[in-house]
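K.L.:
First the structure, then my questions, so here it is.
The values are calculated or read from the model by the stated rules, or taken from the named source; none is laboratory data. Keep in mind it's a predicted model, so treat the numbers as computed, not measured. Cβ coordinates were reconstructed from backbone atoms using ideal geometry, including for glycine residues, and neighbour counts include every protein chain displayed. Protein only, heavy atoms only, side chains kept; ligands, DNA and RNA dropped before computing areas. Shrake-Rupley method; radii C 1.70, N 1.55, O 1.52, S 1.80 Å.
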Amino acid sequence: MEWAARAIGVFYVVGGLLLLSQSWLNWRLQWKLSRVVRIRLADHVEELTTALGGAMVLLSGLALALLSTWAVAAFVAGWVIQAIYLLWASRGAWSRSAFVVRCRRQSVHAFAGFTAVTALVLCLPLLGLLR
């Protein structure tokens, strides 16, 4: 079980790095585009949330890979950030294009997976796997 937890942690470290990389790329593109067109506040909030979520996924994965007790707090904080973002995004009257709908569905599926892993991490202290 210890190696499974570490492998899941490494998976989330890589995922967090990818999210931060995507956020950095989007920030640079928005910065360049802002010279030509006005960027909506919703887009800025989305990118800030992506960066914060990516940082939390990275920290969560790192804590889990190290079997640290901080994994519990990091996973719960990451879960809360993602839940708030998904609730906020669902209220928007944004594009109903097939691409946007598919992306939202993928985000919800990723959140469901993160929820399952968060539940597992909450059980790890009871099993004595976190130090």
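K.L.:
Provide the gained length on full extension for the span Trp70 to Ala83, in nm with one decimal, where the gain is 0.36 nm per separating residue minus the Cα-Cα distance. Provide the component values of the computation, followed by the final result.
P.N.:
Details: separation 13, 0.36 × 13 = 4.68 nm, distance 1.99 nm.
Roughly 2.7 nm would be gained on extension.
K.L.:
While we're here: Counting Lys and Arg as +1 and Asp and Glu as -1, what is the net charge of the other residues whose Cβ lies under 14 Å from the Cβ of Tyr85? Walk me through the numbers on the way to the answer.
P.N.:
Values: positive: Arg91, Arg104; negative: Asp43, Glu46, Glu47.
Residues close to Tyr85 contribute a combined charge of -1.
K.L.:
Under a 1.4 angstrom probe, counting protein chains only, how are Arg91, Arg28 ranked by accessible area, largest first?
P.N.:
Numbers: Arg91 195, Arg28 120 Å².
My answer, sorted largest first, is Arg91, Arg28.
K.L.:
Given Cα pairs under 8 Å that are at least 6 residues apart, what percent is the relative contact order of the chain?
P.N.:
Numbers: 119 pairs, mean separation 38.2, N = 131.
Relative contact order for the chain comes out at 29 percent.
K.L.:
While we're on this one: Take the alpha carbon atoms of the chain, find their radius of gyration, then divide it by 2.2 N^0.38 Å using N residues; give the quotient.
P.N.:
Details: Rg = 16.4 Å, N = 131, 2.2 N^0.38 = 14.0 Å.
In units of the 2.2 N^0.38 Å rule of thumb, it is 1.17.
K.L.:
Which value in deg cm²/dmol, rounded to the nearest 500, describes the helix-derived mean residue ellipticity at 222 nm for the chain, given -39,500 (n - 2.57) per DSSP H run of n ≥ 4 and division by the residue count? Working shown, then result.
P.N.:
Details: 4 runs with 109 residues, N = 131.
Using -39500 (n - 2.57) per qualifying helix, the result is -30000 deg cm²/dmol.
K.L.:
Here's a follow-up. Once segment 1-63 is represented by equal point scatterers at the alpha-carbon sites, with solvent omitted, what log10 I(q)/I(0) does the Debye formula produce at q = 0.11, 0.17, 0.25, 0.28 Å⁻¹?
P.N.:
-0.33, -0.60, -0.93, -1.04
K.L.:
Given a 1.4 Å probe, how much area per residue of the chain is accessible, in Å²? Let's see the in-between values first.
P.N.:
Working: 8480 Å² over 131 residues.
Per residue, the chain has 65 Å² of solvent-accessible surface.
K.L.:
How about segment 13-102: which chymotrypsin sites (Phe, Trp or Tyr not before Pro) there are in a DSSP loop, with at most 15 other Cβ atoms within 10 Å of their Cβ?
P.N.:
Values: sites: Trp24, Trp27, Trp31, Trp70, Phe75, Trp79, Tyr85, Trp88, Trp94, Phe99; in loops: Trp94.
The qualifying sites are Trp94.
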